[in-house]
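Novice: Sending over a structure as structure tokens; questions will come in a sec.
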Amino acid sequence: MNLSRKAFLRVSCFSLLGAAMRKTAAAFGSTFSRKVQWGMAVDIRKCARRPECTACIDVCDQAHNVPRVPDKRHEVRWIWKDTPEHAFEGEDFRYSSIAKLPVMLMCNHCDDPPCVRVCPTQATWKREDGIVAMDWHRCIGCRYCMAACPYESRSFNWVDPRPYIKTANPEFPTRTKGVVEKCTFCVERISQGREPACVEACPEKALIFGNVMDANSEIRRMLSSRDHVTRKPELGTGPNVFYLL
Amino acid sequence: MRDRPVIYGGLAVFLAVITLPFWRGIESGVTTKGPELARPATARQCVASTEFMKSSHMLLLMEMRDQAVRSGDPWYVGAGHGTYTISLTGTCLEQCHGSKTEFCDRCHDYAGVAPGCWSCHLDAGHSTGSLTAMRSSR
């Protein structure tokens, strides 16, 4: 074949440009074309009206057969309670009115989830509706996702979870030793048009669930009328769990 | 001709040894009939024909699993009529086949296959019992 240097350079330039455009379009497309992005708003003050309440944790653990492993190193958690200092690292809470209040933490179902990027088997992926889902059949237990997640939202099953499940829910499988798990925003309930179990269980209605892409949704009205923060926004992951102050 | 007993004796021993597998088989009650399976709990035909299920239930299960988990669509339209909620425990076992031990396991033990599904998926009727006992029995 007879290709002049000029023609060669032109062809390479155009193909490079084409590849770059496709990447760029894909990156933007996935965020902007999303019609649904499920999100959660946590009303910290409402939640704090019952400092001892664990209704959301209990109902979640029961619904998904989350084991209660006494050994902290092997703990498995989907939704859990922590202090503002831990939840919002880097903030100064010395004189804050929420300094002593409990904060409910869970998977943030990020816009750009780092766990999904590193998963070698696509056992975790971002669904059309924005949920960062889990496919336990594909998880090989490499724990890359745990290293990538800046929110410690993922737990590894270091031990067989079954001995630590008191009464198993037959509607949901357990997991086994060697896989990672986390909150899924109750995908099994969403496919039936129901809200996540924690939202339903909260006696103070402190958890508000909805589509943050829909400007008329309850969650969006809440977010536009009240001050709120997300966890580690500076990382650019785009968390979809919001904390109303 | 004095070694006739030796020859016939040797021949008898040879025949006994070479047919040993058959005797062993008869002794342990192996038949070509296959395992006795407990009939499905309620439905006579569930999601597909018996023939199809016999040959391809593992592929169907994979298909259902991918549909439910990856596509988030938990409803499967059966070959006949009717829609089924995809659930290994709730539908396959509880609604259609009853017991895992008397249906799936009997055939799998016979065929020498041990699917790993049950380390996570629960057996129907074992919801409140000892989960660890269930796993070690498999």
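Novice: How big is the antiparallel share of DSSP beta bridges in the protein assembly as shown, given as a percent to the nearest 5?
Specialist: 85
Novice: For A:162-174, what's the mean count of beta carbons from other chains sitting within 10 Å of each residue's beta carbon?
Specialist: Averaged over the peptide's residues, the number is 6.
Novice: Hey, what's the Cα Rg ratio for the stretch A:35-244 versus the globular rule of thumb, 2.2 N^0.38 Å?
Specialist: Output field value: 0.98.
Novice: Could you tell me which Cys residues in chain A have no other cysteine's Cβ under 4.7 Å from their own Cβ, answering none if every one has a partner?
Specialist: A:Cys13, A:Cys47, A:Cys53, A:Cys60, A:Cys110, A:Cys119, A:Cys139, A:Cys142, A:Cys149, A:Cys186, A:Cys202
Novice: Sticking with this one: To the nearest whole number, what is the average tally of beta carbon atoms from other chains within 10 Å of the beta carbons of peptide B:69-76?
Specialist: 4
Novice: What angle do you read, to the nearest 10 degrees and between 0 and 90, between the alpha-carbon axis of helix A:5-32 and the longest principal axis of chain A?
Specialist: 20
Novice: Here's something else I'd like to know. Provide a whole-number value for the mean count of partner chain Cβ atoms within 10 Å of the Cβ atoms in peptide B:113-122.
Specialist: 4
Novice: Any idea how far apart A:Thr230 and A:Thr54 come out in nm if each label point goes 7 Å out from Cα toward Cβ?
Specialist: Distance between the two pseudo-spin positions: 3.0 nm.
Novice: Can you give the accessible area per residue of the protein assembly as shown, in Å², using a 1.4 Å probe?
Specialist: Ligands and nucleic acids excluded, the result is 60 Å² per residue.
Novice: With an 8 Å Cα cut-off and a minimum separation of 6 or more residues, compute the relative contact order for the stretch A:170-229 in percent.
Specialist: Relative CO of the stretch A:170-229 lands at 14 percent.
Novice: Provide the percentage of antiparallel DSSP beta bridges, counting only those with both residues in the stretch A:35-244; round to the nearest 5.
Specialist: 80
Novice: Starting at the first residue of the stretch B:86-97, write each ³J(HN,Hα) from the Karplus equation 6.51 cos²θ - 1.76 cosθ + 1.60 with θ = phi - 60°, in whole Hz, x for Gly and Pro.
Specialist: The phi angles translate into 6, 7, 4, 7, x, 9, 4, 8, 5, 7, 9, 10 Hz.
Novice: So what's the net charge close to A:Arg49: Lys and Arg +1, Asp and Glu -1, counting the other residues with Cβ under 13 Å from its Cβ?
Specialist: Result for the local shell: +1.
Novice: What ranking, highest mean first, results for peptides A:199-208, A:49-58 when packing means the other Cβ atoms within 10 Å averaged over each residue?
Specialist: My ranking of the peptides, most packed first, is A:199-208, A:49-58.
Novice: Summing both sides, how much accessible area is buried between B and A? Use a 1.4 Å probe and give Å² to the nearest 100.
Specialist: In total, this chain pair buries about 1800 Å².
Novice: Kindly write out, for the stretch A:129-137 in residue order, the coupling ³J(HN,Hα) from the Karplus curve 6.51 cos²θ - 1.76 cosθ + 1.60 (θ = phi - 60°), rounded to whole Hz, with x marking Gly and Pro.
Specialist: Going residue by residue, I get 8, x, 6, 7, 8, 10, 10, 5, 6 Hz, with x marking Gly and Pro.
Novice: Based on the alpha-carbon gyration tensor of the stretch B:42-86, what equivalent-ellipsoid semi-axes (square roots of 5 times the eigenvalues) come out, in whole Å, largest first?
Specialist: 18, 13, 7
Novice: Mind putting a number on the dipole of the stretch A:174-234 about its Cα centre? Charges go on the C-beta only, +1 for Lys and Arg and -1 for Asp and Glu, and I need it in Debye to the nearest 20.
Specialist: Dipole of the stretch A:174-234, to the nearest 20 debye: 200 debye.
Novice: Need one number: convex hull volume per residue for the stretch A:141-245, Cα atoms only, in Å³.
Specialist: In the stretch A:141-245, the Cα hull volume divided by residue count equals 147 Å³.
Novice: Counting every Cα pair in the protein assembly as shown, what percent are over 38 Å apart?
Specialist: 38
Novice: Quick check on packing: order A:216-224, A:86-94 by the mean number of other C-beta atoms within 10 Å, highest mean leading.
Specialist: Those peptides, ordered most packed to least, come out A:216-224, A:86-94.
Novice: Return the calculated 222 nm mean residue ellipticity for chain A, to the nearest 500 deg cm²/dmol, obtained by summing -39500 (n - 2.57) across DSSP H runs with n ≥ 4 and dividing by the residue count.
Specialist: Value at 222 nm, helices only: -8000 deg cm²/dmol.
Novice: Let me ask something else about it. Could you tell me what % of all Cα pairs in the stretch A:1-119 have separations over 16 Å?
Specialist: Percentage above 16 Å: 77.
Novice: A further question follows. Output ³J(HN,Hα) for the stretch A:188-193: one whole-Hz value per residue in order, computed from phi by the Karplus curve 6.51 cos²θ - 1.76 cosθ + 1.60 with θ = phi - 60°, and x for Gly and Pro.
Specialist: Computed from phi, the couplings for the stretch A:188-193 are 5, 8, 4, 5, 9, x Hz.
Novice: Name the residues whose placed amide hydrogens come within less than 5 Å of the amide hydrogen of A:Val241, ignoring near sequence neighbours (fewer than 5 apart) on the same chain.
Specialist: Amide H neighbours of A:Val241, under 5 Å, 5+ apart: A:Met40.
Novice: Further, regarding this structure: Going highest first, how would you order A:71-80, A:16-25 by mean Cβ packing within 10 Å?
Specialist: Ranking the peptides A:71-80, A:16-25 by packing returns A:71-80, A:16-25.
The values are calculated or read from the model by the stated rules, or taken from the named source; none is laboratory data. Computed from a prediction, not measured in an experiment: that's the story for all the values here. Every residue, glycine as well, gets a Cβ built from its backbone with ideal geometry; the counts of neighbours run over all protein chains shown. These accessible areas exclude ligands, DNA and RNA; they are computed on the full protein's heavy atoms, side chains included. Shrake-Rupley method; radii C 1.70, N 1.55, O 1.52, S 1.80 Å.
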